[in-house]
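Presented below is the structure to which this report refers.
The values are calculated or read from the model by the stated rules, or taken from the named source; none is laboratory data. Bear in mind the structure is a predicted one, so any value in this text is a computation, not a measurement. Don't worry about glycine lacking a Cβ; one is built from the backbone with ideal geometry, like all the others, and counts go over all protein chains shown. Accessible surface areas use protein heavy atoms only, side chains included; no ligands, DNA or RNA. Shrake-Rupley method; radii C 1.70, N 1.55, O 1.52, S 1.80 Å.
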Amino acid sequence: YHSKIHGMKYEMYNSDMGHSICKKVILENDIRKGLENKEFYVHYQPQVDAKSNKIIGVEALLRWNHHTKGIISPLEYISLAEETGLIIPIGEMVLREACKQNKTWQEKGYENIKMSVNISIRQLQNNDFVNMVLNILEETKLDPKYLTLEIVETLVAKNMADISAKLNQLKEYGINISIDDFGTGYSSLSYLNDLPINSIKIDRSFVSHSTYNTKDQAIISMIITMAHSLNLSVVAEGVETNQQLEFLRKCGCDFIQGYFTGKPNGPIEIEKNYIQKLEVTQG
Ligand code: C2E
Ligand code: MG
Ligand code: MG
Ligand code: MG
């Protein structure tokens, strides 16, 4: 039995072995160790203005270089990190890194680059969340107007009133709030009413089918019209082709994010290839 557990260490976490509890325990342990050993770091993906093609900001994306397995996608461990509460220290690390990086860019004179950071509902449920964010802004001396929190809904949120109160507090400091993967979570529409948001991100699933599926085109166009009538700006995610970009432009989409305009990369590469040029023509 022992050797069986040992053997599992070398399987991918999502392999179908039927020992999901064991796998979870191993993964949880690996996340803890990974945090201690600084295996987690942050990449950045350009967000560009749909009209001018100029880079207006970046999204911070968590990366994990596991000591034996190599790079593991956040999709494989975010939900367990939420379940175990480990998303709290991970999320704090990402926010700190991202704010530090943005401040560095501000100081270099790249003053119009904004920073979006993914925040899970589980982090918002933590009592210390507002303080944590304000402390990091103070510590890094980043002007809150540059920071956008992308709210990712991966679990059912019960205490929306509490979450909304916290976001309202942060918004008063000048922080921007965005709804991520808009159109996929069943409560997306109620979020528009309940949360103090500035923008929404159209989920990649609509964008990727928009070149041949007229239903997805109709949904995109409807989301953009609705968002604008609510005074929200719209970011399209997962834009991979010029055709998709042209369609989104035609619909009046404000900002574009995707492999076509720039893949996620380390801060040095992003600065050299996008921020220094302040203009993006294609990916
Ligand atoms: P997301 O916030 O919707 O981030 C966009 C994801 O789409 C990223 O995947 C990005 O690499 C990918 N992407 C961007 N453009 C394209 C494209 O043109 N084509 C395709 N196929 N993919 C594209 P990634 O980095 O694997 O992250 C996956 C998800 O994990 C994120 O989705 C977000 O929900 C979550 N996540 C990532 N970092 C964090 C974090 O720091 N905290 C939390 N709570 N969640 C995070
Ligand atoms: Mg996001
Ligand atoms: Mg998204
Ligand atoms: Mg997404």
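For the stretch 206-266, the solvent-accessible area works out to 47 Å² per residue, with a probe of 1.4 Å and every protein chain left in place. Binning the C-alpha pair distances of the stretch 207-264 at 5 Å intervals from 0 yields a P(r) profile of 4, 21, 32, 25, 13, 5, 0 %, listed from the shortest bin outward. Take the Cα of Lys145, go 7 Å toward its beta carbon, and the backbone nitrogen atoms of the stretch 72-102 under 20 Å from that spot belong to 99-102.
Take the alpha-carbon positions of the chain, form their convex hull, and give its projected area averaged over all directions (one quarter of the hull surface) in nm².
Details: hull surface 62.7 nm².
Seen from a random direction, the Cα hull of the chain projects 15.7 nm² on average.
Within the straight-line cut-off of under 24 Å between alpha carbons, the lysines reachable from Lys171 are Lys100, Lys103, Lys114, Lys141, Lys145, Lys158, Lys201, sequence neighbours fewer than 8 places apart in one chain being disregarded.
Other residues within the sphere of radius under 12 Å centred on the Cβ of Asn198, judged by their own Cβ, net out at +2 (K and R +1, D and E -1).
Under 17 Å from a point 7 Å along the Cα-to-Cβ line of Glu107: which residues of the stretch 138-168 have their amide N that close? From the stretch 138-168, the list is 138-144.
Applying both filters, DSSP loop and at most 15 other Cβ atoms within 10 Å, to the chymotrypsin sites (Phe, Trp or Tyr not before Pro) of the stretch 123-177 gives Tyr173. Per the Debye formula on identical point scatterers at the alpha carbon atoms of the stretch 179-236, with no solvent, log10 I(q)/I(0) at q = 0.27 Å⁻¹ is -1.17.
Backbone phi angles across the stretch 48-58, fed through the Karplus curve with coefficients 6.51, -1.76 and 1.60 (θ = phi - 60°), yield HN-Hα couplings of 10, 6, 5, 7, 9, 6, 7, 5, 10, x, 9 Hz in residue order; Gly and Pro are listed as x.
For the stretch 66-131, just say rounded, prolate or oblate: build the C-alpha gyration tensor, square-root its eigenvalues into a ≥ b ≥ c, call rounded for a/c under 1.5, and beyond that prolate if a/b exceeds b/c, oblate if not. Intermediate values should be presented prior to the final figure.
Values: a/c = 2.76, a/b = 1.44, b/c = 1.92.
Verdict is oblate for the stretch 66-131.
In this structure, the amide hydrogen of Glu59, modeled 1.01 Å from its nitrogen in the peptide plane, lies closer than 5 angstrom to those of Gln45, Gln47, Ser116, counting only residues at least 5 positions away or on a different chain. Helical content alone sets the calculated 222 nm signal of the chain at -12500 deg cm²/dmol, taking -39,500 (n - 2.57) per DSSP H segment of four or more residues and averaging over every residue. Overall, the anisotropy analysis places the stretch 92-248 in the oblate class: the square-rooted eigenvalues a ≥ b ≥ c of its C-alpha gyration tensor yield a/c not less than 1.5, with a/b not exceeding b/c.
Starting from the stretch 66-127, pick out the GluC sites (Glu not before Pro) whose DSSP state is loop and whose Cβ has at most 15 other Cβ atoms within 10 Å. Walk me through the numbers before you get to the answer.
Working: sites: Glu76, Glu82, Glu83, Glu92, Glu97, Glu107, Glu111; in loops: Glu111.
Of the GluC sites (Glu not before Pro), the ones in loops of the stretch 66-127 whose Cβ has at most 15 other Cβ atoms within 10 Å are Glu111.
Output the relative contact order of the stretch 10-135, whole-number percent, from Cα pairs under 8 angstrom with separation of 6+ residues. RCO, the stretch 10-135: 23 percent.
Shown for the stretch 155-283 is the translational diffusion coefficient from the Stokes-Einstein equation, using the Kirkwood radius over Cα pairs, a temperature of 4 °C and a viscosity of 1.567 mPa s: 81 µm²/s. Fraction of C-alpha pairs exceeding 20 angstrom in the stretch 148-214: 31 percent, rounded to a whole number.
Restricting to Cα pairs below 8 Å that are 6+ residues apart, what does the relative contact order work out to for the chain? Please round to a whole percent.
Values: 449 pairs, mean separation 53.0, N = 283.
Relative contact order here is 19 percent.
For the stretch 237-271, GluC sites (Glu not before Pro) are listed when DSSP marks them as loop and at most 16 other Cβ atoms sit within 10 Å of their Cβ; the list is Glu240.
Each Cα pair under 8 Å and six or more residues apart adds its separation to the average, and for the stretch 225-278 the resulting relative contact order is 32 percent.
Placing unit charges on the Cβ atoms of the charged side chains and taking the dipole of the stretch 60-143 about its Cα centre, the candidate lying farthest along the positive direction among Ile119, Gln106, Asn131 is Gln106.
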